[in-house]
1. Could you tell me what fraction of 2.2 N^0.38 Å the Cα radius of gyration of the chain comes to, as a two-decimal ratio?
2. Kindly provide the helix-only [θ] at 222 nm of the chain, computed as the sum of -39,500 (n - 2.57) over DSSP H runs of four or more divided by all residues, to the nearest 500 deg cm²/dmol?
3. By average Cβ neighbour count within 10 Å, what is the ranking of 105-114, 71-80, 36-45, 17-26 from highest down?
Amino acid sequence: MIIEMKPRVSDAPDGRLCVQTIRTKLADVVRLLLVPQPVNVEHCAPLLEDAVKAIAQLERITGSLSKGDIQAVRGDQSRVRALLQQAADLHTGWARILGAAARGYTPAGDASSLEAPSRVSVQG
C-alpha cells in the first residue's frame, strides 16, 4: 500500500495575497479614472467589487499585517475616493451647464436641472 502525502491546503485567505489583490484592483481603478470618460467609470464597478471582496477576506484573517500594508491600502482607497468624487463633480458640472443651455435658469438664478432618462441595465 502506498500512502501519498499532499500539502495541506488552507481555506484561510493569505493576508499578503489579499493586500496585493486590493492594491492591484485599486491601481486599475485609478488608471481608469485618470481619463474621466463614462465608459471608464463603468469599467471600475467590477474592479471595485473585487477589491471589496478581497477587503472582506482580509478582515477575516487572524494573522497580523504590517502597518505599511494597511497604510498602503488606505492610501490607495483615499486616491480612489478622491478620483471618484472628482468624476462625480465633473459630471455634475456638465449636467448643470447642459441644463442651463437647454432650459435656462430658474427664478432663483440657478441653472435648471437636466432630467436624465431612467434606464435599467441587466446582465445575466
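We did not get these values from a lab; they are worked out from the coordinates using the rules stated. Predicted model only: the values in this text are computed from it and were never measured. Positions of Cβ are generated from backbone atoms using ideal geometry, with glycine treated the same way; all protein chains shown enter the neighbour counts.
1. Numbers: Rg = 22.1 Å, N = 124, 2.2 N^0.38 = 13.7 Å.
Ratio of Cα Rg to 2.2 N^0.38 Å: 1.61.
2. Values: 3 runs with 79 residues, N = 124.
Computed mean residue ellipticity for the chain: -22500 deg cm²/dmol.
3. Numbers: 105-114: 11.1, 71-80: 15.0, 36-45: 13.4, 17-26: 19.3.
Highest-to-lowest ranking by the protection proxy: 17-26, 71-80, 36-45, 105-114.
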